[in-house]
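Derivation of every value follows stated rules applied to the coordinates shown; laboratory data play no part. Being a predicted model, the structure only gives us computed values, none of them experimental. No Cβ is skipped: glycine too gets one built from the backbone with ideal geometry, and neighbour counts run over all protein chains shown.
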Amino acid sequence: MSEDVKRMADLLKSGATMLSDVCPVCGTPLFKVKGEVFCAKCNKPVVYQKAMSPEATLSPGYLLESVEMTIVGKISEANEVLKVEKDPEKLSLYSNLVFGWLSMLEKLRGLKDSFKE
């Protein structure tokens, strides 16, 4: 059994309610724990925002944070490859990817700061 499934089982055992909604980031079912909606896989609370339509949407801040975590993870993965790679073409490819992700990260953090103001 995977760690995610174990975590979900533990949440259910502790009295959490599994919701019909899924996390927009990872697709895992959401849980309601002590009145708070939570993603067991991302290990983060999920905040709904009232929308003009009857559907609820996720807050932009949560989505930006999730994208930021993904980008940081990809930079870390590429860094591990760069440490051992010898092929100049692959080194160039991974370097360009890291540069692009760093550029995205900078823009993303600017967006996050604009939501805080």
Original post:
List the aspartates and glutamates whose alpha-carbon lies under 18 Å from that of Lys90, not counting same-chain residues fewer than 8 positions away?
Top reply: Glu77, Glu80
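I'd like the FRET efficiency for Tyr48 and Asn96, computed as 1/(1 + (r/R0)^6) with the beta carbon distance as r and R0 of 35 Å, rounded to 0.05.
According to the calculation, E is roughly 0.40.
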**OP:** Rounding to the nearest 20 debye, state how big the charge dipole of the chain is about its Cα centre with +1 on each Lys and Arg Cβ and -1 on each Asp and Glu Cβ.
**Re:** 320
**OP:** Starting from the Cα-Cα distance between Lys86 and Val67, subtract it from 0.36 nm times their residue separation and give me the gain in nm to one decimal.
**Re:** 3.8 nm
**OP:** Could you name the lysines whose alpha carbon sits less than 22 Å from that of Lys6, not counting residues in the same chain fewer than 8 places away?
**Re:** Lys32, Lys34, Lys41, Lys44
**OP:** Sticking with the crude label model, points 7 Å out along Cα→Cβ, report the distance from Glu106 to Lys6 in nm, one decimal please.
**Re:** 4.2
Subject >> Option label - mean projected area of the Cα convex hull in nm² computed here, alternatives [x] 7.9; [y] 21.2; [z] 10.3 >> reply: [z]
**OP:** Could you name the aspartates and glutamates whose alpha carbon sits less than 18 Å from that of Lys74, not counting residues in the same chain fewer than 8 places away?
**Re:** Glu65, Glu85, Glu106
Original post:
Of Tyr94, Ala40, Ile75, which is farthest along the charge dipole of the chain in the positive direction, counting Lys and Arg as +1 and Asp and Glu as -1 at C-beta?
Top reply: Ala40
Original post:
Using the alpha-carbon atoms, what tilt in degrees (0 to 90, nearest 10) does helix 88-116 show relative to the longest principal axis of the chain?
Top reply: 40
